[in-house]
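Just so it is clear, none of the values below were taken in a lab; they were calculated from the coordinates. Because the structure is predicted, anything quoted here is derived from the model rather than measured. So basically every Cβ, Gly included, is an ideal-geometry build from the backbone, and we count neighbours across all protein chains shown.
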Amino acid sequence: MAQYRLVDHRGAPHPVLDDLYESLEAAWSDALAWWGTNVSSVSGRIEPMAIGVEVSTASGNWRTLRYPGS
């Protein structure tokens, strides 16, 4: 079964949301909630999300599904 993780703007595991998720939807839902609470509400404006999503491969590597800022 594939696992998903959130990455920061450099492509490294996210420093706060460093967890494994069972679905892309679950990972992205956590990212949206965290971004809305911790970034957008602090700055007072909507900014591109500097969070990406990766999926684990059968060989144990990670492949980017959604790039930070997209």
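What does the extension gain come out to for Ser29 and Arg63, with contour length at 0.36 nm per residue minus their alpha carbon separation? Mind showing how you got there, number by number?
Numbers: separation 34, 0.36 × 34 = 12.24 nm, distance 1.91 nm.
Net length gain for the segment: 10.3 nm.
What is the angle, in °, between the Cα long axis of helix 24-35 and the longest principal axis of the Cα atoms in the chain? Nearest 10 is fine, range 0 to 90.
30 degrees
Within 10 Å, at most 15 other Cβ atoms, and a DSSP state outside H, G, I, E, B define an exposed site. Report the longest part of the chain free of exposed trypsin sites (Lys or Arg not before Pro). Please report the intermediate quantities before stating the final value.
Values: sites that count: Arg10, Arg45.
Answer - 11-44.
Taking the Cα atoms of the chain, report the difference between the largest and smallest coordinate on each principal axis, in whole Å and largest first.
Here the Cα extents, ordered largest to smallest, are 42, 20, 18 Å.
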